[in-house]
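A.B. asks: Here it is: the structure, laid out below.
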Amino acid sequence: MSGGDLPFIDEHRVLVAAPADAVWRSLGAHLASPRFSASEVYARLVAAEPNRASGTPLAEGSTLPGFRVAEAVPGQRARLTGRHLFSRYALTLSATAEAGGTALSALSHAEFPGPHGLVYRGLVIGTGAHRIFVRHLLHSVRRRAEHVG
């Protein structure tokens, strides 16, 4: 799955000791949690489109703060897209059955146009903040899936 015409940023993976359907349910629950919804404030600060949650997480056409579910294959893959003042981006989340559980991956693509975009890229990618956010997302989903199932 690609980010369309957007440049590749990174990919992160974790192995979850749970079946793919449990991982997918945990991912949806994490994205619907109040903690994730708190990002609406940030989404509004950077004029993100969309800037609030609507619909069912991981269902095509639904929105999360800063993301629209552009494509979804339930239990397998969702491509989230968005844009704001400094960037246009895509995050593809995938769950794939493997020996010992399910590989949960996050593939990021983004562009940062203009001088403000360049500064924003330095703040988000250059400092490692994006990597920390994505790894936290994956590890939180892993904990939830392995303990709740």
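The values are calculated or read from the model by the stated rules, or taken from the named source; none is laboratory data. Because the structure is a prediction, the values reported are computed rather than measured. Counting neighbours? That spans all protein chains shown, and the Cβs are built from the backbone with ideal geometry, glycine included.
A.B. asks: Here are some residues: ARG68, ARG13. Which one is touching a residue at least 12 places away in the same chain (Cβ under 8 Å), among the basic types (Lys, Arg) and under 18 Å from LEU138 (Cβ atoms)? Walk me through how you get there before you give the answer.
C.D. replies: Values: ARG68 fails: under 18 Å from LEU138 (Cβ atoms).
ARG13 is the lone residue from the list that is touching a residue at least 12 places away in the same chain (Cβ under 8 Å), among the basic types (Lys, Arg) and under 18 Å from LEU138 (Cβ atoms).
A.B. asks: Within region 94-143, take every residue that is in a strand (DSSP E or B) and among the aliphatic types (A, V, I, L, M) and give me the one that is surrounded by the fewest Cβ atoms within 10 Å (Cβ to Cβ). I'd like the intermediate steps shown before the answer.
C.D. replies: So the first thing to find is which residues in region 94-143 are in a strand (DSSP E or B), and the list is 94-98, 101-111.
Checking the rest, the ones that are also among the aliphatic types (A, V, I, L, M) come to 95, 97, 103-104, 106-107, 110.
Numbers: ALA95: 27, ALA97: 13, ALA103: 17, LEU104: 26, ALA106: 21, LEU107: 21, ALA110: 24.
Ranking the candidates gives ALA97 first.
A.B. asks: Can we say ALA17 is touching a Leu at 6+ places or on another chain (Cβ under 7 Å), loosely packed, with under 14 Cβ neighbours inside 10 Å, at pLDDT 95 or above and among the aliphatic types (A, V, I, L, M)? First the steps, then the outcome.
C.D. replies: Details: touching a Leu at 6+ places or on another chain (Cβ under 7 Å): no; loosely packed, with under 14 Cβ neighbours inside 10 Å: yes; at pLDDT 95 or above: yes; among the aliphatic types (A, V, I, L, M): yes.
In short, no.
A.B. asks: Mind checking which residues of region 57-86 are within 14 Å of LEU31 (Cβ to Cβ) and among the β-branched types (Val, Ile, Thr)?
C.D. replies: THR63, VAL69
A.B. asks: Further, regarding this structure: Tell me yes or no: at least one residue of region 35-56 is closer than 22 Å to ALA103 by Cβ and of a type in the set (A, V, I, L, M).
C.D. replies: Scanning region 35-56 turns up no residue that is closer than 22 Å to ALA103 by Cβ and of a type in the set (A, V, I, L, M).
A.B. asks: So which of GLY75, GLY61 ends up being of a type outside the set (Asp, Glu), part of a loop (DSSP other than H, G, I, E, B) and modelled with pLDDT under 95? Before you say what the answer is, go through the steps one by one.
C.D. replies: Details: GLY61 fails: modelled with pLDDT under 95.
Exactly one of GLY75, GLY61 is of a type outside the set (Asp, Glu), part of a loop (DSSP other than H, G, I, E, B) and modelled with pLDDT under 95, namely GLY75.
A.B. asks: Also, I was wondering about something else. So ARG13 fits all but one of (1) assigned to a strand (DSSP E or B); (2) closer than 18 Å to THR81 by Cβ; what number is the exception?
C.D. replies: Tallying (1) assigned to a strand (DSSP E or B); (2) closer than 18 Å to THR81 by Cβ, ARG13 fails exactly one: (2).
A.B. asks: Moving on to the next point. What is the one condition in (1) at pLDDT 95 or above; (2) of a type outside the set (Gly, Ala, Ser); (3) over 14 Å from the mean Cα position of the chain (by Cα) that ARG68 does not satisfy?
C.D. replies: (3)
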